[in-house]
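Comments concern the structure below.
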Amino acid sequence: MVREIVVYPDKRLKLISKEVKSFDGALHDLLDDMYDTMRAKNGVGLAAIQVGVDLRALIINIPLEGEDGEHDQPKENTLEMINPVITEQDGSEKFQEGCLSVPGVYEDIERAKHVKVVYFDRDGNKHSLENDAFLAIAIQHEIDHLDGKVFIEKLSYMKRKKFEKEWKKRTK
Ligand code: CO
């Protein structure tokens, strides 16, 4: 089921999400709905707070390019991370990011190039993962949401001011 996306500057985006304690049917429903919502809005990642649920859960699904040039995001390719923690990070890289909670805005953001993350899957099994490509950027972006942060907060003072002015005009 597609849920409604929480859009900036909604105060819920500032909440520090809580740890998931039960890996139950309600969590599975949430993750399934997050996938439906991400697909419906053509996103590559989504944190639970973006559908108004302040739990430390996120999904990422980097589209595969098919032979026909079509991008696909099969559900089985969805990376579901519950209670993720970055345990190592180094290097830095600038990458153009967007966010379903700030639709239509794309900005270069600097983040660590390489990260190591420990997390749980929907059944409560522990995993770890290392990446130094686009996935590393996506993980950092989504974990920021769990800590009440949106990517535009990483812009320089001047760029942020310009963004806020344009955003106000657009959402009037
Ligand atoms: Co986002």
Lone unmet requirement of (1) under 30 Å from Glu164 (Cα atoms); (2) surrounded by 13 or more Cβ atoms within 10 Å (Cβ to Cβ) for Ile82
(1)
Please work out if Glu93 is touching a Lys or Arg at 6+ places or on another chain (Cβ under 7 Å) and away from the ligand (no atom under 16 Å from the Cβ).
yes
For the structure I just gave you, tell me whether Val117 is in a loop (DSSP other than H, G, I, E, B), open to solvent by less than 30 Å² (accessible area, probe 1.4 Å) and closer than 18 Å to Ala48 by Cβ.
no
For region 90-98, does any single residue satisfy the condition of being under 12 Å from the mean Cα position of the chain (by Cα) and either surrounded by fewer than 12 Cβ atoms within 10 Å (Cβ to Cβ) or modelled with pLDDT of 95 or more (or both)?
yes
Looking at (1) within 16 Å of the ligand (Cβ to nearest atom); (2) among the hydrophobic types (A, V, I, L, M, F, W, C); (3) touching a Leu at 6+ places or on another chain (Cβ under 8 Å), which one does Val117 not meet, given that it meets all the others?
(1)
Every residue from region 35-54 that is among the hydrophobic types (A, V, I, L, M, F, W, C), more than 10 Å from the ligand (Cβ to nearest atom) and under 13 Å from the mean Cα position of the chain (by Cα):
Met38, Ala48, Val51
Looking only at region 99-114, count how many residues are open to solvent by 70 Å² or more (accessible area, probe 1.4 Å), part of a loop (DSSP other than H, G, I, E, B) and away from the ligand (no atom under 13 Å from the Cβ).
1
Give the residues of region 36-77 that are part of a loop (DSSP other than H, G, I, E, B) and touching a Ser or Thr at 6+ places or on another chain (Cβ under 7 Å), sorted by residue number.
Asp54, Arg56, Asn61
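Quick grid of which residues meet (1) part of a loop (DSSP other than H, G, I, E, B); (2) of a type in the set (Phe, Trp, Tyr):
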{"position": "Ile5", "(1), (2)": "yes, no"}
{"position": "Tyr8", "(1), (2)": "yes, yes"}
{"position": "Arg12", "(1), (2)": "no, no"}
{"position": "Met34", "(1), (2)": "no, no"}
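The values are calculated or read from the model by the stated rules, or taken from the named source; none is laboratory data. These numbers come from a predicted model, not from an experiment. Because the Cβ atoms are built from the backbone with ideal geometry, glycine has one as well, and the counts that use them run over all protein chains shown. The area values use the complete protein model at the heavy-atom level, side chains included, leaving out ligands, DNA and RNA. Shrake-Rupley method; radii C 1.70, N 1.55, O 1.52, S 1.80 Å.
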